[in-house]
Every structure is written in structure tokens, then in C-alpha cells.
1. Would a scan of segment 309-316 turn up a residue that is modelled with pLDDT of 95 or more, surrounded by fewer than 16 Cβ atoms within 10 Å (Cβ to Cβ) and part of a loop (DSSP other than H, G, I, E, B)?
2. How about segment 63-86: which of its residues are part of a loop (DSSP other than H, G, I, E, B), open to solvent by 20 Å² or more (accessible area, probe 1.4 Å) and not charged (D, E, K, R)?
3. Which of the helices (runs of 4 or more DSSP H) contained wholly in segment 211-296 include at least 3 residues that are farther than 18 Å from residue 201 by Cβ?
4. Of the conditions (1) at pLDDT below 95; (2) surrounded by 16 or more Cβ atoms within 10 Å (Cβ to Cβ), residue 270 satisfies every one except a single condition; which number is it?
5. Taking segment 317-333, which residues are among the acidic types (Asp, Glu) and at pLDDT below 95?
6. Here are some residues: 56, 36. Which one is part of a loop (DSSP other than H, G, I, E, B), in the same structural domain as residue 127 (by the TED database) and of a type in the set (Phe, Trp, Tyr)?
7. Mind checking whether some residue in segment 91-110 is of a type in the set (Ser, Thr, Tyr) and outside any loop (DSSP other than H, G, I, E, B)?
8. Scan segment 88-102 for residues that are farther than 22 Å from residue 65 by Cβ and either in contact with a Leu (Cβ under 8 Å, 6 or more places away or on another chain) or without any contact (Cβ under 8 Å) to a residue 60 or more places away in the chain (or both) and report the count.
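The values are calculated or read from the model by the stated rules, or taken from the named source; none is laboratory data. Not measured: the values here are computed from a predicted model. Virtual Cβ from ideal backbone geometry, glycine too; neighbours counted across all protein chains shown. Each accessible area value is taken on the protein alone, full model and side chains, heavy atoms only, with ligands, DNA and RNA left out. Shrake-Rupley method; radii C 1.70, N 1.55, O 1.52, S 1.80 Å.
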Amino acid sequence: MKTYGYAAVEQGTSLVPFTFERRESNGDDVTIEILYSGVCHSDLHMAKNDWGRAVYPLVPGHEIVGKVIAIGRDVTKFKIGDHVAVGTFIDSCMACDQCQKGEEHMCREILTETYNGQDRVTGENTYGGYAKHIVVKEHFVLSIPDRLDISRAAPLLCAGITTYSPLRTWNVGPGTRVGIIGLGGLGHMAVKLAVGLGADVTVLSRSKNKEADALQLGAHHLLDTSDEAAMQQALNGFDVILDTVPVKHDINPYIPLLDIDGTFVVVGQLGLLEEPFTVPMIMGRRRIAGSMIGGIAETQEMLNFCARQNILPDCEMIRMDQINEAFERLERSDVRYRFVIDMSTL
């Protein structure tokens with residue numbers, strides 16, 4: 001089907017209007033009119049080819065909320081008019097051990113990313129959510145619960161599940177002491193979700209400047225990591241620390257803050273960390289772990305949880321033609337805390 005959106009047509013250019021073809025719908029496909037598209041920092045990285053693997057033209061967007069406008073003959077979960085969502089991937093092999101146990105994001109084969117991936121049906125490059133329509137296999141489409149505000153739900157499909165998954169993996173719940181490093185798009189969701197799960201939540205920041213914001217988001221404490229006395233007092237004080245910082249940084253000051261058997265989880269940094277000092281890890285049986293998104297079932301669980309707990313990201317709504325300005329602001333961290341594109345403005 002012919003549709004339209006915004007694309008980076010080559011490296012180093014701004015996003016511009018772009019008309020393209022979506023693949024024709026198959027029996028197990030859902031055709032979606034996109035209503036809202038979240039703006040993720042990885043969209044900016046991919047558009048600029050910061051990671052060296054962008055294929056142009058590139059239509060970003062993997063935080064998608066929309067309405068079903070057509071379904072294939074074999075589709076049973078959805079009907080026309082349903083509000084649905086699509087996250088960071090739209091297909092996997094569905095045959096490996098990871099896919100079989102509901103962890104499609106850990107597919108042993110190459111995962112089909114929502115954009116800049118290879119469509120398993122046509123072999124063509126995939127285009128993302130900065131567009132009017134998308135065609136996705138039923139299995140990879142998520143239901144939006146009725147109680148969830150669709151205008152603010154889109155960032156849950158990346159920022160939400162990226163922080164929810166490690167909280168669930170390391171059994172965060174009532175009584176768990178959780179530290180959150182970074183209070184951006186990922187960090188602010190980590191605070192809300194950890195609080196919703198019943199944890200005692202502390203934001204770790206290099207100054208007290210973000211204390212009011214942290215407490216307003218629901219955090220119980222802020223730890224000024226530049227305060228040596230406060231850091232000394234906080235030793236062994238956390239069961240889980242989520243690191244959402246997206247740039248290279250030194251994690252060594254944080255490891256002694258973990259209690260015995262504590263876990264430091266990296267979710268923000270897609271590159272090299274400073275070399276870790278292993279003594280605190282060995283002496284406290286502490287661990288450094290990584291986590292990405294979640295599988296389809298876990299992502300649906302997260303959406304249902306957010307609906308029950310009334311958890312939504314803090315969003316700034318923009319028009320589609322403001323995307324290049326939004327990218328510039330994103331580079332300056334000038335957003336609290338996520339941009340969402342109202343796709344009716346496309």
C-alpha cells in the first residue's frame with residue numbers, strides 16, 4: 001500500500017516528507033493507521049548514522065500507537081477500530097528456544113527491527129512509525145488497555161519496557177531498594193515503574209538540582225553522588241541499580257552502593273563503559289548486568305500494569321513538521337521527558 005511519512009534520505013540531512021510503499025497485507029497481518037509516534041533517542045542516533053549501520057532512506061519511529069483499519073483473514077486477536085501498539089521489533093524467527101518461550105527480543109536469528117531492519121516477507125528495508133500507516137504481523141501487535149491515555153502511551157513501547165523488564169527480571173517489589181541513575185526519558189519511567197511495583201526508590205544524581213523533579217515523579221529520595229559523606233552512608237544500600245545514562249561514564253563509584261548479591265543493570269549505554277574495578281564485585285558477590293527491551297508477552301504485561309497503576313510518561317506533544325527541531329533539542333537534553341508526535345499533523 002502507498003503511504004507517506006518523514007525520512008532521512010541520506011546521512012547528514014534533515015528529515016523530510018517521504019512517500020513509500022508498505023508491503024501488501026497477508027492473512028496474519030494487521031494494518032494500522034498511526035495516531036501517535038514517540039521520539040526515542042535511538043531515532044536520532046539512527047538518522048545520523050551514529051552507529052554506522054543506517055540504511056537510507058530511513059523512516060524512524062518504534063514507539064507506535066494507532067488504530068486498526070484492516071485485518072487479514074487469519075487474524076483473531078484484533079478487530080477494526082481497536083487501539084493497538086507496536087514496539088521496537090515487528091518479527092522474529094518464532095522457532096528458536098528464545099522465541100518459543102516468549103522472549104522474541106532475544107531471538108537466536110536476526111530480529112526484525114521496526115525500522116532499518118529486513119522484512120522477513122519481502123526482504124526489503126523496514127520503515128518505522130514516523131508515517132501514516134504500518135502493516136505488522138498479528139503476533140507482534142499489542143493491545144492498548146482502555147484505561148491508558150493513547151496520546152501519552154507511545155513511549156511505553158521503548159522507554160517503558162526497557163526499564164520494566166529489568167525490574168521484573170530482578171524481582172523488584174515491596175521492600176526492594178532501587179537506585180536510578182539518570183532522570184531522562186528512560187530514568188523517569190524507571191522511577192514511576194519501580195514505585196508502582198512497591199520499591200523504595202532513590203534517584204542518584206551528581207547534584208541536588210534534580211531533587212524536586214525526582215520527588216515529583218514519585219521517588220522517595222535523591223542521593224547526591226558528589227557528596228562523599230552521603231555516598232559513604234549509602235554503601236550496601238541498594239538491591240538493584242538501573243543505569244539509564246546514554247553516554248560513556250564511570251560506573252565504579254556506584255558498585256559499592258549495592259548490597260551483597262546486588263545487581264547493577266545497564267540499560268542506557270550502547271557502547272564502552274569505563275573499566276570496572278572488580279574488588280567490590282568479588283567482595284560483595286555483586287554483579288553488572290545488561291538488559292534491553294522485553295518480549296511481546298512482557299510488553300503486554302507492562303501496558304496492562306501501567307493501565308492499572310495509571311503510569312504514563314511525561315510527554316511534550318509536537319507536530320510532525322517539528323521533528324528536526326525536536327531532534328536538536330534531544331541532543332541538548334531539552335525535553336521533559338519524551339517527545340510524542342501527533343500524527344494527525346502529518
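1. The initial filter retains those residues of segment 309-316 that are modelled with pLDDT of 95 or more, namely 309-316.
Keeping just the survivors that are surrounded by fewer than 16 Cβ atoms within 10 Å (Cβ to Cβ) gives 309-310, 316.
Now restrict to residues that are part of a loop (DSSP other than H, G, I, E, B): 310.
Checked segment 309-316: at least one residue is modelled with pLDDT of 95 or more, surrounded by fewer than 16 Cβ atoms within 10 Å (Cβ to Cβ) and part of a loop (DSSP other than H, G, I, E, B).
2. Pass one, segment 63-86, residues part of a loop (DSSP other than H, G, I, E, B): 63, 72-82.
Those left that are additionally open to solvent by 20 Å² or more (accessible area, probe 1.4 Å): 73-74, 76-77, 79-82.
Correct list: 76, 80, 81.
3. Numbers: elements: 211-217, 228-233, 279-284.
The qualifying helices (runs of 4 or more DSSP H) are 228-233, 279-284.
4. For residue 270, the exception is condition (2).
5. From segment 317-333, those among the acidic types (Asp, Glu) are 321, 325, 328, 331; that's our starting set.
Once the filter is applied, which keeps residues that are among the acidic types (Asp, Glu) and at pLDDT below 95, segment 317-333 yields only 331.
6. Working: 36 fails: part of a loop (DSSP other than H, G, I, E, B).
Unique residue meeting the criteria: 56.
7. Quick first cut of segment 91-110, residues of a type in the set (Ser, Thr, Tyr) only: 92.
Okay, now just the ones that are also outside any loop (DSSP other than H, G, I, E, B), so none.
No, that holds for no residue.
8. Initial filter on segment 88-102 (farther than 22 Å from residue 65 by Cβ): 93-102.
Cutting the leftovers down to either in contact with a Leu (Cβ under 8 Å, 6 or more places away or on another chain) or without any contact (Cβ under 8 Å) to a residue 60 or more places away in the chain (or both) gives us 93-101.
Residues in segment 88-102 being farther than 22 Å from residue 65 by Cβ and either in contact with a Leu (Cβ under 8 Å, 6 or more places away or on another chain) or without any contact (Cβ under 8 Å) to a residue 60 or more places away in the chain (or both): 9 in total.
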